Structures are given as structure tokens and as C-alpha cells.
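Asker: The structure is given below, and queries will be raised subsequently.
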Amino acid sequence: MTGPWFIETLARNGDVLQRRCIDTLPIRLGRGYDNDFIVDDDYVAASHARIDLDAAGRLVLRDLGSRNGLNHRGKRLQEVVLSGDTVVRIGHTSLRVRAASFPVAPELEDRTFHRWEGALPGAAGILLAAGCALFARWLSDTQYFEFVRYFEALAWGAGAALLWSGGWAFANRLFGRHARLGRHLFVFGCGLAVLAVTSLLAATIAYAFSLEAVTRYASHAATLLVAGVVYFHLGTIDPQNRRRYRWIAAGMAVLGSGLVLAYNLQRTGRLSDELYMAVLLPPSVRVSQDHGIDEFMREVEGMKPALDRGRDRKPGEDELEN
């Protein structure tokens, strides 16, 4: 192996924090100023370790009698053979050593969509979230107009967007190189807008055509949309693992739908949601034919003979007939 050599300090997620080129061996590492590579770590000795070639020509990192030693894969060792991908921790600092001839991975395809991040998409996401909150307040408002109630809805929408997206941005900064808050705000705002439009469309179709099943199982569509939003958040953090994230989102959707079904069955004894419609619409939206009171009363009269027979039946007659 020939130099020069590059010593890299790494973050917990594997990103390179610092890289320095040193031309000759041996290379001394430690906190003292007389070292070839200074490690600013209180848990590193003044002269902690040395990098040199062994008898077989391999690059080896040796401990120089420090208190905390060398840690590799959870084990404390006196010396570690360095292959280029070997990560060694001295103190609280993770190091990697590579020669100038070390092969690098091919260039990755840019799938980060940089045009969909920054201040403009972030502002659009906050506006979409705030607009959805105002729209939901307007649909459910049955009182006289008061500015305070709508201002509260606006604040709740913007606050929810910042809180949700801020958590994802923190994870993006922790596991990636950038926070990308604007993209996460845009994903949240678009997801909330699609959820609001889908809910209103389902309620409109159910009311217009008397298709109660559309609203009885609308929560499963909402679960699928939430899983899709999570997928796009994960894809923003790590665009190279989108296939894995698709499976994760699909599993979340199936699990969420299963929990909704179990909750409905436990609460009401039915798998479907509540029978009533949460959105009130004007009668002009109706397309299907209305059913009058007379038709309802005829159906009730048709049920009366069976109910009378069941009421007049004496206890024990069912067992005698069987």
C-alpha cells in the first residue's frame, strides 16, 4: 500500500466531518500538539495511537498504552488492521483511514428534486395546511361568524405543519446532511390538502348517490394517504431506498386499517365507521331519488307480521319445533 493517506473523522450516520491528507508513515494520533493528526477529544490520550505497516505490508492502527484504547465493533483491541472501510473509535471519535488509491463508489443518480425544497415550497406547505384548517372550520361552523375562531384554526394549521415537519427535518439532519424543512412542509401541506379533498369528495358522492359505504370505509382511504405522506418524508431523508420505504408505507397502511377495523368492532360491533355523514350538504346536491315517509311506513308495515309472530310466540316453542 502506498500513500498519501487520508484520515477521516466520521459522524454517527457515517458522514465525513473532517478529512486530512498525510504523506508519510508512521502517523501519530492523539490530543497532543506534537501528533501528525490531532484529535480534539477529552477521552483521547495525548499520544493515543499510531498508524504504520506491519510485516505483511498491511496498514495497522496500534494503541500506545492509552487508558481507553481502541474500539472496533464493540471490542477493545490493542491493534486493528485497516482495510479502508474499517471504522475505529478512539475515545468518542470515530476514524477511518484510506489510501489515495482507494476506489470510490460510482456517482449516484440525483433523485433529491432540489427544485422542490427551500423557502417557496415551505411557504406553500404552510399555506396549504392553514387553508385546510380554515376550510374544515368553515364546514363545521354552525354559529355566527367570529374572527377569533377562524384565527385559531389558522394558527392550529400552521402550528401543526411546523411541528410535524420540524420533527421530520430533525430526523433528516440527524440521518442526512441537510434538514430540508421546506420539502417536509410541502409534503405535509400536500398530504393534508389531498386528505381534505378526498374526505369532501367521499361525503359528496355518498350524499348525492345514497352510497353510505363510501363514508363507512372512508377512514381506510385516510390511512392510506397518511402512509403515503410518511413514504414521501422517508424518501426525502434517504432517496436511495425508496423501494424499501414503499414496503414500509404499505405495511403501515395495512396495520392502520386493521386497527381501525378492530376499534370499530369493539366500539359498535360493526367493521364499518359510523353511519351518519359528518359533512352537511344542500339538497340540490342530491342525484338519487328521495324516499318519502309513505315508502318508509310501507316498509315498516311489511316488517310488522314477522315482529308480531315473534312477540306472540311462547317461551320454549322454538325448542319444541326443533
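Asker: Size of the dipole of the range 5-99 about the Cα centre, Lys and Arg at +1 and Asp and Glu at -1 on the beta carbon, nothing else charged, in debye to 20?
Answerer: 300
Asker: With springs only between Cα atoms under 10 Å apart, run a GNM on the chain and tell me which of Ala133, Ala202, Ala100 wobbles the most.
Answerer: The residue that fluctuates most here is Ala100.
Asker: Going by how many other beta carbons lie within 10 Å of each one, how would you line up Thr24, Thr204, fewest first?
Answerer: Details: Thr24 9, Thr204 15.
Taking fewest neighbouring Cβ atoms as first place, the list is Thr24, Thr204.
Asker: Would you mind ranking Glu301, Glu107 by Cβ crowding within 10 Å, fewest neighbours first? Provide the component values of the computation, followed by the final result.
Answerer: Details: Glu301 9, Glu107 6.
If I rank by nearby Cβ atoms, fewest first, I get Glu107, Glu301.
Asker: If you scale each eigenvalue of the Cα gyration tensor by 5 and take the root, what three semi-axes come out for the range 205-256, rounded to whole angstrom and sorted largest first? Please report the intermediate quantities before stating the final value.
Answerer: Working: eigenvalues 182, 20, 9 Å².
The answer is 30, 10, 7 Å, longest axis first.
Asker: If you put +1 on each Lys and Arg Cβ and -1 on each Asp and Glu Cβ, how big is the dipole of the range 114-268 around its Cα centre, in Debye rounded to 20? Could you put the intermediate results ahead of the total?
Answerer: On the way: 13 positive and 6 negative charges, 139 e Å.
Here the range 114-268 has a charge dipole of around 660 debye.
Asker: Right, another one. Taking the number of other C-beta atoms within 10 Å as the exposure measure, put Trp138, Trp168, Trp116 in order starting with the fewest.
Answerer: On the way: Trp138 12, Trp168 24, Trp116 15.
Ascending Cβ contact count within 10 Å gives the list Trp138, Trp116, Trp168.
Asker: Starting from the alpha-carbon convex hull of the range 5-99, give the projected area averaged over all orientations, in nm².
Answerer: So the mean shadow area of the Cα hull is 5.7 nm².
Asker: Highest mean first, how do 176-186, 7-17 rank when packing is the count of other Cβ atoms within 10 Å averaged over residues? Spell out each step's value before the answer.
Answerer: Details: 176-186: 21.8, 7-17: 12.8.
Highest mean packing first, the order is 176-186, 7-17.
Asker: Which entry is the computed mean projected area of the Cα convex hull in nm² for this structure: (1) 15.6; (2) 32.5; (3) 16.5?
Answerer: (2)
Asker: Considering only Pro282, Pro305, Pro106, give the residue with the highest GNM mean-square fluctuation for the chain, with springs between Cα atoms whenever their separation is below 10 Å.
Answerer: Residue with maximal mean-square fluctuation among Pro282, Pro305, Pro106: Pro305.
Values in this text are rule-based calculations from the coordinates and carry no lab data. This one's a predicted model, so the numbers in the text were calculated from it and none came from an experiment. Glycine gets a Cβ as well: all are built from the backbone with ideal geometry, and neighbour counts include every protein chain shown.
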